[in-house]
Amino acid sequence: MADLKTLAANNCYGVAAITAMTVQNTQGISAVKPVEPAFLRDSILSLLAEGRVKAVKIGMLANRANAEIVGEILEANSGLPSVLDPVIRSSSGTELLDAEGFGYLREHLLSRVTLLTPNMAEAAALTGLKVENLEEMKGAARKIIELGARNVVVTGGHLDKAIDVFCEGAKLQTFVGDRIKSDNTHGTGCTFSSAVAANLALGRQLEDAVVLAKAYVTEAIRKAYAIGPGRLPLNHLYRLQQNPRPSEDAVPVTEAAR
């Protein structure tokens, strides 16, 4: 749902193939149920059959079987820009990708996508390196390129300054954003990667897409609503609101898709 709201806010119409269902709220994830691989394949192929997909964003995959389906789709549609957020576990510690799936992602998927967007913990898992500061982020980014990734952004939202390290091939840059003292950061990784994908779908160059996505996420955090006692989600649709501001009285709405 965060992905779809992000795509809408960035002038795209998002469509989704669900890899897994989760039971979650602002306090964490308590259960995960992957969809059947054949169902996932059919879902993706049905959407691609419309012939209007301009970019692909990949997030939580849950297991190797579903990761392999995504790999097949990427191989068959190599001309589409693609962004992979390598989700491994939730911030509350729930496993969101099994060990076999992680191995497949590392060995096969990261080389097939346009951009990989790990956070510091995910970059450490992918490289086996310690990633706790800016210099270690740079080392991890270069190592991920050595592993076969074409381009990578290691996001550093947990640092004193919100610094991201962007490797476009051999070219390394750092992007510094505002550090917002806020707990409204639930879903920043998926939001950032979806915003990059939206900008790629609109025909923007990769560096521009990364810069615009970072600016969007910063404002979505700054203007988030308080809707629960845990880590709060971003206000993805802040651009549609006249005077968005945090509200302790905001009422969450449950949306069921069928």
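We did not get these values from a lab; they are worked out from the coordinates using the rules stated. None of these values were measured; they are calculated from a predicted model. Cβ: placed from backbone, ideal geometry, glycine included. Neighbour counts: every protein chain shown.
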Checklist line | Calculated over region 46-92: convex hull of Cα atoms, volume per residue (Å³) | finding: 90
Notebook entry, point to check: In the chain, with Lys and Arg counted as +1 and Asp and Glu as -1 at Cβ, which of these residues, Pro34, Asn11, Ser91, has the Cα nearest the positive end of the dipole, that is, farthest along it?
Noted result: Asn11
Next item on the list: Determine, for each peptide in 28-35, 110-117, the mean count of other beta carbons within 10 angstrom over its residues, then list the peptides with the highest first.
Entry: 110-117, 28-35
Next item on the list: Could you tally up the Lys pairs in region 2-239 with alpha carbons closer than 20 Å? Skip any pair fewer than 8 positions apart unless they're on separate chains.
Entry: 19
Check: What does region 74-217 give for Rg and for Dmax, in Å, if only its C-alpha atoms count?
Finding: 14.2, 43
Notebook entry, point to check: Which cross-chain or sequence-distant (5 or more) residues have an amide H under 5 Å from the amide H of Ser82, H modelled 1.01 Å from N in plane?
Noted result: Val56, Thr114, Leu115
Item checked: Kirkwood hydrodynamic radius over Cα pairs of the chain, then Stokes diffusion coefficient at 4 °C and 1.567 mPa s, in µm²/s -> 70
Item checked: Cut-off 14 Å, label 7 Å out along Cα→Cβ of Glu100, residues of region 49-78 by amide N -> 62-69
Notebook entry, point to check: Tell me, what is the FRET efficiency for Glu72 and Met21 to the nearest 0.05, using R0 = 25 angstrom and their Cβ-Cβ distance as r?
Noted result: 0.70
Note to self: From the mean inverse distance of alpha carbon pairs (Kirkwood) and the Cα radius of gyration, derive Rg over Rh for region 6-104.
What the structure shows: 0.97
Notebook entry, point to check: What 222 nm value per residue comes from the helices of the chain, counting each DSSP H run with n ≥ 4 as -39,500 (n - 2.57) and dividing by all residues, nearest 500 deg cm²/dmol?
Noted result: -11000 deg cm²/dmol
